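A.B. asks: Structure in structure tokens, see below.
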Amino acid sequence: MGTRPGTGTAGDEIGSWLDRIHDTHDEFAYRYVYAAYLAVRSPRRERRSGEVTLTAEPGGGHLLRAGSADPGLRLRDEAECEAFLAHLVGRYCRGRHSSMEEWEAAAHDRYVADLRGWE
């Protein structure tokens, strides 16, 4: 999994990729995270969800990229795709939200409230 084969654990690579998304996309990161979730869900096929793309790799697996400058996160097989989805749920829902859909709606509400604070 990831862009550097053989380094760290799968969770570390996923976490690093997500941290990079947050660093790069700041207040819009929640949109990229949710788009990645939608892209990796079954049935897995090449798709684009917003700025996130999921591309089938010639030797199997998928490459998930958040924008053209992102080197991506390599998900080598179905098990790694499922591990990615589980990581998202664990990191973002944490018992506060029943689903990624609910988490995204709450994140969007926080974003809109923050915008209103600038008025």
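Only the coordinates and a few stated rules stand behind these numbers; no lab work does. Source: prediction; values computed, not measured. Neighbour counts are summed over all protein chains in view; Cβ atoms, including those assigned to glycine, are modelled from backbone coordinates with ideal geometry.
A.B. asks: Can you pull the three principal axis extents for the Cα set of the stretch 51-119, in Å, largest first?
C.D. replies: Taking the Cα atoms of the stretch 51-119, the three principal extents are 50, 30, 13 Å.
A.B. asks: Can you give the extra length, in nm with one decimal, that the chain gains between ARG94 and ARG20 once fully stretched, where that is 0.36 nm per residue apart less the Cα-Cα distance?
C.D. replies: 24.6 nm
A.B. asks: While we're looking at this one, here's another question. Which value, in debye to the nearest 20, describes the size of the charge dipole of the chain about its Cα centre when Lys and Arg Cβ atoms bear +1, Asp and Glu Cβ atoms bear -1, and nothing else is charged?
C.D. replies: Charge dipole, the chain, about its Cα centre: 220 debye, nearest 20.
A.B. asks: Another question about this same structure. Going toward the positive end of the dipole of the chain, with +1 on Lys and Arg Cβ and -1 on Asp and Glu Cβ, which of HIS87, PRO58, GLY117 do you reach last?
C.D. replies: Going by the Cα projections, it comes out as PRO58.
A.B. asks: Can you give me the orientation-averaged projected area of the convex hull built on the Cα atoms of the chain, in nm²?
C.D. replies: Approximately 7.8 nm², given one-decimal rounding.
A.B. asks: If each DSSP helix of 4+ residues adds -39,500 (n - 2.57) and the sum is divided by the residues in the chain, what number results at 222 nm, nearest 500 deg cm²/dmol?
C.D. replies: Dividing the helical sum by the residues of the chain leaves -15500 deg cm²/dmol.
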